[in-house]
1. In segment 184-213, what residues are away from the ligand (no atom under 16 Å from the Cβ) and either within 24 Å of Leu109 (Cβ to Cβ) or assigned to a loop (DSSP other than H, G, I, E, B) (or both)?
2. Condition test on Leu28, is it touching a residue at least 12 places away in the same chain (Cβ under 8 Å) and touching a strand residue (DSSP E or B) at 6+ places or on another chain (Cβ under 7 Å)?
3. Just to be sure I understand, how many residues within segment 214-261 are part of a loop (DSSP other than H, G, I, E, B), touching a strand residue (DSSP E or B) at 6+ places or on another chain (Cβ under 6 Å) and within 23 Å of Glu73 (Cβ to Cβ)?
4. For residues that are free of Cβ contacts under 8 Å to residues at least 60 places away in the same chain and either within 16 Å of the ligand (Cβ to nearest atom) or buried (at least 16 other Cβ atoms within 10 Å of the Cβ) (or both), scanning just segment 249-264, find the one that is farthest from Ser138 (Cα to Cα).
5. Spot the failing condition for Gly289; the list is (1) more than 16 Å from the ligand (Cβ to nearest atom); (2) crowded, with 21+ Cβ neighbours inside 10 Å; (3) part of a helix (DSSP H, G or I); (4) not aromatic (Phe, Trp, Tyr), and only one is missed.
6. Take Leu193 and tell me if it is within 15 Å of Phe113 (Cβ to Cβ), buried (at least 17 other Cβ atoms within 10 Å of the Cβ) and touching a residue at least 40 places away in the same chain (Cβ under 8 Å).
7. Within the set of pairs 6+ apart or on separate chains, which have a first residue in segment 115-141 that is without any contact (Cβ under 8 Å) to a residue 12 or more places away in the chain, a second that is within 16 Å of the ligand (Cβ to nearest atom) and part of a strand (DSSP E or B), and C-beta atoms under 9 Å apart?
8. Would you check if there is a residue in segment 74-88 being in a strand (DSSP E or B), at pLDDT 95 or above and out of contact with any helix residue (DSSP H, G or I) (no Cβ under 8 Å at 6 or more places or on another chain)?
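The values are calculated or read from the model by the stated rules, or taken from the named source; none is laboratory data. In this text, all values refer to a predicted model and were calculated from it rather than measured experimentally. So basically every Cβ, Gly included, is an ideal-geometry build from the backbone, and we count neighbours across all protein chains shown.
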Amino acid sequence: MTLTPPAVQREAERFLTGMYAEHALEGLEARLRAVGDELSHTGTYTLNTEELRHGGRVAWRNSARCVGRLYWEALEVRDLRHVTAHEEVFAHLCAHLEDAFHGGHLRPLMSVFGPGVRIHNPQLIRYAAYRQPGHPESVVGDPANLALTDWLRRLGWAGGPGTAFDVLPLAIEAGGRTRLFTLPPQAVQEVALTHPDCPAVAELGLRWHALPVISDMSLEVGGLSFACAPFSGWYVQTEIAARNLADADRYDQLPAVGRALGLDTSRERTLWRDRALVELNVATLHSFGAAGVKITDHHTVTRHFRRFEEREARAGREVRGRWSWLIPPLSPATTPVWGRSYRAREEAPNFAHQSPRWLDPEEPASAGACPFHAG
Ligand code: ARG
């Protein structure tokens, strides 16, 4: 989002006034004067590292769709605004993945890159989707990533081994050129799913990656926009087991899980879908736990969200929320957000959607892109 200088000035004032008040800092007048000077001379201004850190944390605190906001103050914000070259960006993304994973004790982390940098993948780790020759409607992999996979192929990706869980290369744009980079195995931590008492579930060969790192949203702070600011926390098991692996237009695994569990799938009234869904959630929590990888469950995270609301109320701030995103897709009425309602309008600092290149049919994959680089 690009603002006119007066709008940037207003947003800068609003942001800095809020930050100085929250942290009881002195010197607001002087800082606002310096920002005003910089704006009138250059048309923009520069946040210092503390301001960027505060902005990143408050962007998380303000994210109306996120139920995991209790830990917003623990977010580590890496100031990488001096990093603008492909190789260096890629190296820092690998470091982000390894440091955020932290041996399974996942730590919330955001890496903010310099001007002209963008990552076109929606998350750092995403699985490819392959259409089957002769059966265009049947897909191996994650159907959510069909258009992205096609676009990466047009950019020169040769494709992976063809499993249902092939990790896609990263499309990193810098200085107007897009290049592809392959993540090294140590950056891609995954958990294979097993069920505590049904071995047949493990035979389905299901897995998921440990870290959700959203990489295509911009960070909006004080009237400034950072197009490349990937951030990560940890999963709620419902994201994996009640959506990614379960949705009919994603991995669609409930019928297979139902059969593995020996359920009667011939009639809806046996509620085999619901039973398979619960057991797939059990399997996900069990497997992450056994692998020593942090994950939370929908009961705990919603209780934590209520605690976040209480803390925000004590701080005199209103919690905005998108209720349909805050309730879990499994047993929502058993959680303490079910009976609540929230105003949805989001405030800055925040994250904003950027239009994906790979959805634009007019976008020739070669525009500004050099043929192929596997980093
Ligand atoms: N729902 C997304 C996924 O399944 C991840 C969104 C971010 N989630 C998180 N726990 N930080 O990949």
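1. Start the filter on segment 184-213 by keeping residues that are away from the ligand (no atom under 16 Å from the Cβ), which leaves 184-187, 192, 194-205.
Hits for segment 184-213 are Pro184, Pro185, Gln186, Ala187, Thr194, His195, Pro196, Asp197, Cys198, Glu203, Leu204, Gly205.
2. Values: touching a residue at least 12 places away in the same chain (Cβ under 8 Å): yes; touching a strand residue (DSSP E or B) at 6+ places or on another chain (Cβ under 7 Å): no.
Against the criterion (touching a residue at least 12 places away in the same chain (Cβ under 8 Å) and touching a strand residue (DSSP E or B) at 6+ places or on another chain (Cβ under 7 Å)), Leu28 does not qualify.
3. Filtering segment 214-261 down to residues part of a loop (DSSP other than H, G, I, E, B) leaves 215-216, 222-223, 227-230, 233-235, 245-253, 261.
In the following step, the residues that additionally are touching a strand residue (DSSP E or B) at 6+ places or on another chain (Cβ under 6 Å) were identified as 215, 227-230.
Subsequent filtering for residues that are within 23 Å of Glu73 (Cβ to Cβ) retains 215, 229-230.
The number of residues fulfilling the criteria is 3.
4. The extreme case among them is Leu263.
5. If we test Gly289 against (1) more than 16 Å from the ligand (Cβ to nearest atom); (2) crowded, with 21+ Cβ neighbours inside 10 Å; (3) part of a helix (DSSP H, G or I); (4) not aromatic (Phe, Trp, Tyr), just (2) comes out false.
6. Details: within 15 Å of Phe113 (Cβ to Cβ): no; buried (at least 17 other Cβ atoms within 10 Å of the Cβ): yes; touching a residue at least 40 places away in the same chain (Cβ under 8 Å): yes.
For Leu193, the condition - within 15 Å of Phe113 (Cβ to Cβ), buried (at least 17 other Cβ atoms within 10 Å of the Cβ) and touching a residue at least 40 places away in the same chain (Cβ under 8 Å) - is not met.
7. Correct list of pairs: Val139/Ala129.
8. Initial filter on segment 74-88 (in a strand (DSSP E or B)): 76-80.
Then keep just the ones that are at pLDDT 95 or above; that gives 76-80.
Of the ones still in play, those that are also out of contact with any helix residue (DSSP H, G or I) (no Cβ under 8 Å at 6 or more places or on another chain) are 76.
Yes: one or more hits.
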